[in-house]
Amino acid sequence: MADLPDPGPAAAVFLDAIDPEALERAALARPDLGTEPYSLTKAMRTQLVEWARGL
């Protein structure tokens with residue numbers, strides 16, 4: 001079984017390319033944005049996952 005590559009460097013490149021303003025706008029516009037504590041953080045995480053998957 002081969003060792004899996006370290007995802008850290010690729011993740012760092014991806015995150016460094018994110019425009020914080022675009023991320024905030026996209027997260028705030030999500031229809032699944034809730035009102036409970038940490039909703040914006042959860043929406044931002046979901047948005048980042050979708051962008052990483054090319055959605």
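Residue separation times 0.36 nm, minus the C-alpha to C-alpha distance between LEU15 and ALA2: what's the value?
2.0 nm
Whole-Hz Karplus ³J(HN,Hα) for the stretch 36-53, in order, using 6.51 cos²θ - 1.76 cosθ + 1.60 and θ = phi - 60°, x for Gly and Pro?
6, x, 6, 4, 5, 4, 4, 5, 5, 4, 4, 5, 4, 4, 5, 5, 4, 8
Between ALA27, ALA12, ALA43, where does the largest GNM mean-square fluctuation fall for the chain, given springs only between Cα atoms within less than 10 Å?
Its mean-square fluctuation being the largest, the pick is ALA12.
Coordinate-derived values only; no laboratory data. Please read all numbers here as calculations on a predicted model, not as lab measurements.
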